[in-house]
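These notes concern the structure reproduced below.
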Amino acid sequence: MKARYIQVEKSGGPLTLVEREVPEPGAGQVRVRVEASGVCHSDSMTVEGLFPFITYPRVPGHEIVGKVDAVGENVSQWKPGQRVGIGWYGGHCRRCEPCRRGDLVACQNLLVPGLAYDGGYADYVVAPAEALAAVPDSLKSLDAAPLLCAGLTTFNALRNSGAKPPDTVAILGMGGLGHLGVQFAAKMGFNTVAIARGADKEKFAHELGARHYIDSTKGDVADSLRKLGGARVILATVTDADAMSAALGGLGYRGEFLAIGVPGKPIQAAVADLIMQKRSIQGWPSGTSIDSEDTLKFSEMTGVLPMIETFPLERAAEGYARMMSGKARFRVVLETGA
């Protein structure tokens with residue numbers, strides 16, 4: 001049986017539509033008939049060959065939703081027909097220190113779909129059984145796909161922070177990650193502050209659930225946060241190091257600056273402020289498959305959904321270019337038509 005795959009032939013090469021034989025799942029693996037696959041900015045790691053271990057040709061994609069099509073030997077928890085999703089976590093090595101300590105998403109040899117093996121820009125994907133998450137029936141596949149990376153990362157970072165309702169939580173940026181972060185923070189019961197560029201975004205921020213909006217072009221972001229009592233958590237979803245640095249001073253006592261956006265240069269922090277008020281700066285990677293299930297359940301219960309633009313699978317290159325241009329509002333999702 002042959003099916004469509006969007007693959008990168010070599011590092012820096014174009015996304016190309018090809019027909020390939022559909023592989024059978026091996027022991028401990030599951031084959032999924034893909035219905036929707038989110039286009040994430042980190043898919044550029046595959047397209048541009050930013051990791052030396054990637055072998056080509058390679059199919060990108062790690063925001064995958066579909067139905068179980070076939071299971072390999074020694075797989076008992078999944079059956080054909082079940083709706084499932086696969087996110088950034090696509091399996092772990094079981095050997096490194098984080099794995100041995102049970103912190104699977106921090107695996108030093110993490111099996112990311114689209115990097116370690118072929119991902120979701122395709123009609124079918126084969127993945128380790130432990131990578132799969134159950135998808136609630138009421139969530140549309142197109143909506144669920146971005147929740148498996150952008151949604152999971154923001155949700156998991158917030159719920160694992162030291163913030164507790166009604167603490168003040170600020171979301172820095174209102175793009176593909178940020179517009180979900182604002183929704184999650186508001187639904188979790190935090191005093192939610194949205195920070196973005198321009199007065200034109202204020203109405204939208206409030207529609208997402210923010211109680212406060214800070215226009216970063218109209219003054220000192222840190223000072224504005226201090227006037228609100230200081231943030232218990234600042235979730236930085238942007239990739240602008242200067243914007244991150246400018247917000248840091250808005251942390252309150254024991255405040256946590258959580259970075260999930262990756263800037264191209266280092267951020268700057270006043271160390272004395274970190275010491276005297278026990279503040280911290282840390283990153284948050286994503287989550288495992290059970291964390292994906294929690295994210296999807298919470299989204300279903302509370303109505304948190306991504307704003308998406310859709311492209312058919314055969315127009316994956318166009319969808320990827322749209323995402324990389326920064327003009328997409330807010331996530332791009334490929335639809336297979338399954």
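The values are calculated or read from the model by the stated rules, or taken from the named source; none is laboratory data. Fair warning: this is a prediction, and the values are worked out from it, not measured in the lab. Cβ sites come from the backbone with ideal geometry, for glycine too, and all protein chains shown count toward neighbours. Side chains are part of the model used for accessible areas, which takes the heavy atoms of the whole protein and leaves out ligands, DNA and RNA. Shrake-Rupley method; radii C 1.70, N 1.55, O 1.52, S 1.80 Å.
Among the residues in segment 197-210, are any open to solvent by less than 20 Å² (accessible area, probe 1.4 Å), under 22 Å from Gln282 (Cβ atoms) and of a type in the set (A, V, I, L, M)? Don't jump to the end; show me each part of the working.
The initial filter retains those residues of segment 197-210 that are open to solvent by less than 20 Å² (accessible area, probe 1.4 Å), namely 198, 205, 210.
Those still in the list that are under 22 Å from Gln282 (Cβ atoms) too: none.
No, because not a single residue in segment 197-210 is open to solvent by less than 20 Å² (accessible area, probe 1.4 Å), under 22 Å from Gln282 (Cβ atoms) and of a type in the set (A, V, I, L, M).
Within segment 149-160, is there a residue that is without any contact (Cβ under 8 Å) to a residue 40 or more places away in the chain, assigned to a loop (DSSP other than H, G, I, E, B) and either open to solvent by 10 Å² or more (accessible area, probe 1.4 Å) or closer than 22 Å to Pro285 by Cα (or both)?
no
What residue, among those in segment 105-128 that are in a strand (DSSP E or B) and touching a residue at least 40 places away in the same chain (Cβ under 8 Å), is farthest from Leu142 (Cα to Cα)?
Pro128
Testing Met244 on (1) farther than 18 Å from Ala150 by Cα; (2) surrounded by fewer than 22 Cβ atoms within 10 Å (Cβ to Cβ); (3) hydrophobic (A, V, I, L, M, F, W, C), one condition comes back false. Which one is that?
(2)
Could you figure out which of (1) farther than 26 Å from Ser44 by Cα; (2) buried (at least 19 other Cβ atoms within 10 Å of the Cβ) isn't true of Gly119?
(1)
Only one of (1) over 18 Å from the mean Cα position of the chain (by Cα); (2) more than 20 Å from Val59 (Cβ to Cβ) fails for Glu300. Which number is that?
Going through (1) over 18 Å from the mean Cα position of the chain (by Cα); (2) more than 20 Å from Val59 (Cβ to Cβ) one by one, Glu300 breaks only (1).
Taking strands (runs of 3 or more DSSP E) that do not extend beyond segment 228-338, which have at least 1 residues that are within 17 Å of Val65 (Cα to Cα)?
Numbers: elements: 231-236, 251-259, 280-283, 308-312, 331-335.
Where strands (runs of 3 or more DSSP E) fall fully within segment 228-338 and carry at least 1 residues being within 17 Å of Val65 (Cα to Cα), they are 308-312, 331-335.
Scan Gly102, Gly173, Gly85, Gly181 and give me the residue that is free of Cβ contacts under 8 Å to residues at least 24 places away in the same chain and out of contact with any Cys (no Cβ under 9 Å at 6 or more places or on another chain).
Working: Gly173 fails: free of Cβ contacts under 8 Å to residues at least 24 places away in the same chain; Gly85 fails: free of Cβ contacts under 8 Å to residues at least 24 places away in the same chain; Gly181 fails: free of Cβ contacts under 8 Å to residues at least 24 places away in the same chain.
Only one candidate passes the filter, namely Gly102.
When both residues are 6+ apart or on different chains and their Cβ atoms are under 8 Å apart, which pairs have a first residue that lies in segment 202-230 and is over 18 Å from Phe330 (Cβ atoms), and a second that is among the acidic types (Asp, Glu) and open to solvent by 70 Å² or more (accessible area, probe 1.4 Å)?
From segment 202-230, the pairs are Asp215/Glu202.
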